[in-house]
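The values are calculated or read from the model by the stated rules, or taken from the named source; none is laboratory data. Note that the coordinates shown come from a computational prediction; the quantities given were computed from them, not determined experimentally. We place every Cβ from the backbone using ideal geometry, glycine too, and count neighbours over all the protein chains shown. Surface accessibility is based on the protein's heavy atoms, side chains included, excluding ligands, DNA and RNA. Shrake-Rupley method; radii C 1.70, N 1.55, O 1.52, S 1.80 Å.
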Amino acid sequence: MQRHLFAFGSLVVDSLVAGSGSDSERYREHILRLFNKAVLPLGARSERWRAASPPRFSSLAWLRQHGIPVRAQPLVHGEVRPGDPVPFDKTNPAPYRAALLDLLRRKAATVGDQVDEWVVINHIATGQSERLDRVYGPEIWVDLLREARRVLPSGVRLFVNEGQVLPKRPDGGRRGAYREVLQELIARQAPLDVVGLMAHFTNRDLTPPRELWAVLDSFAQFRLPIFVTEFDIRFGPPRQPRALTAAEEELQARYTRDFLIAIFSHPAVEGVTLWGFWEGQHWAPSAALFRRDWSPKPSARVWQDLVFQQWWTAETGATDSQGRFRIRAFKGDYLVQVTHRGVAFEENLRLLGPSLTKRIVLPASQ
């Protein structure tokens, strides 16, 4: 096996990927060793996008060089944010709408052809009174998605994204609100490719696997792929460094295992991306897989064991009397090596469906 079809990725920090220090070197090494997908957060603040020279993201060339597909996010946020992209005036909301579309176009023009996916609208189902559809009507979602489809290269997949769906909340969080928005988008035939579900857990809202599956089932009804876009498990407030106890690290590792098994086994889910992996650069340092000194936490060992041991296919054996060799394998990319009379032959294949037959014909002289 060379690579999973299922995406196991992480947010990457542009300055670290492009840096020259020892931490940057180790950061790049960990990306190559652990992940087959990257997320580049671009933020929604428009000051940098209005500048004469648009921002540059040096990491994109490196990620492409190493064959790592990239999702960028977001093009816009789903609620009015005063002052961004321009001051909002309730009595005259048209300029804000025009500025949102302009921000979307600027971002798309800057990195649109360097990424494979975009979260077009982030936090599309927040409960705030100035959610975009409550200001402009639900057609705003369709307009933003259609404009993204128009200006981005063909083949770039479009996401919407929301949080407070997978963590356990007494009131259900935003599960119902998000489903309502998705129903509206589908009814209006919006160009949407993937449903994004954030998964920012704390130690107090860990959802049991059976309930996770029920939630995933409720979103699978839309017949669109589901992607867990932002996964982590933190202790205490975000942005606050905290040394976890052995018991806390063990809880974090156990739930990481439960969560990954639940989503990997669900037929509607196509991938998961961590919202960072190194304590030295993480929005919630306690959630990182690796400590500041790069030593692995138990949750890192869980990730490596599941992704590269339990769910990794590496089989060897001899063909039967009819020249057949059968295995059960996880979906992904493979290098098939056949040795006959001391001569080795290699062919690549990609397993995408429930079964695949690959015929390898050896030269007659062999």
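Counting only residues that are more than 25 Å from the chain's Cα centre (by Cα) and in contact (Cβ under 8 Å) with a residue 24 or more places away in the chain, segment 97-127 holds 2 of them. Against the list (1) loosely packed, with under 11 Cβ neighbours inside 10 Å; (2) in a loop (DSSP other than H, G, I, E, B); (3) among the small types (Gly, Ala, Ser); (4) out of contact with any Phe, Trp or Tyr (no Cβ under 7 Å at 6 or more places or on another chain), the condition residue 344 fails is (2).
Confirm whether residue 151 is buried (at least 19 other Cβ atoms within 10 Å of the Cβ) and either farther than 19 Å from residue 8 by Cα or not aromatic (Phe, Trp, Tyr) (or both).
Numbers: buried (at least 19 other Cβ atoms within 10 Å of the Cβ): no; either farther than 19 Å from residue 8 by Cα or not aromatic (Phe, Trp, Tyr) (or both): yes.
So residue 151 does not fit the description; no.
Quick one: in segment 309-336, of everything that is within 10 Å of residue 351 (Cβ to Cβ) and among the small types (Gly, Ala, Ser), which residue is farthest from the chain's Cα centre (by Cα)? So the residue we want is 329.
Restricting attention to segment 34-72, the residues being out of contact with any strand residue (DSSP E or B) (no Cβ under 6 Å at 6 or more places or on another chain), modelled with pLDDT of 90 or more and aliphatic (A, V, I, L, M) number 3.
Yes/no per residue for (1) in contact with a helix residue (DSSP H, G or I) (Cβ under 6 Å, 6 or more places away or on another chain); (2) of a type outside the set (Val, Ile, Thr); (3) surrounded by fewer than 13 Cβ atoms within 10 Å (Cβ to Cβ):
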position	(1), (2), (3)
60	yes, yes, no
80	no, no, no
83	no, yes, yes
88	yes, yes, no
109	no, yes, no
117	no, yes, no
120	yes, no, no
126	no, no, no
130	no, yes, no
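Free of Cβ contacts under 8 Å to residues at least 40 places away in the same chain, in contact with a helix residue (DSSP H, G or I) (Cβ under 7 Å, 6 or more places away or on another chain) and assigned to a loop (DSSP other than H, G, I, E, B): which single residue out of 292, 326 fits that description? Working first, answer last.
Numbers: 326 fails: in contact with a helix residue (DSSP H, G or I) (Cβ under 7 Å, 6 or more places away or on another chain).
After ruling out the rest, the residue left standing is 292.
What number of residues within segment 199-221 are within 25 Å of residue 186 (Cβ to Cβ) and either within 19 Å of the chain's Cα centre (by Cα) or open to solvent by 70 Å² or more (accessible area, probe 1.4 Å) (or both)? The total comes to 9. Say whether the condition of being assigned to a helix (DSSP H, G or I) and in contact with an Asp or Glu (Cβ under 9 Å, 6 or more places away or on another chain) is met by at least one residue in segment 253-269. Within segment 253-269, one or more residues are assigned to a helix (DSSP H, G or I) and in contact with an Asp or Glu (Cβ under 9 Å, 6 or more places away or on another chain). For segment 231-240, which positions are in a strand (DSSP E or B) and open to solvent by 10 Å² or more (accessible area, probe 1.4 Å)? Hit for segment 231-240 is 234, nothing else.
Looking only at segment 284-330, count how many residues are open to solvent by 20 Å² or more (accessible area, probe 1.4 Å) and at pLDDT 95 or above.
Final tally of qualifying residues: 14.
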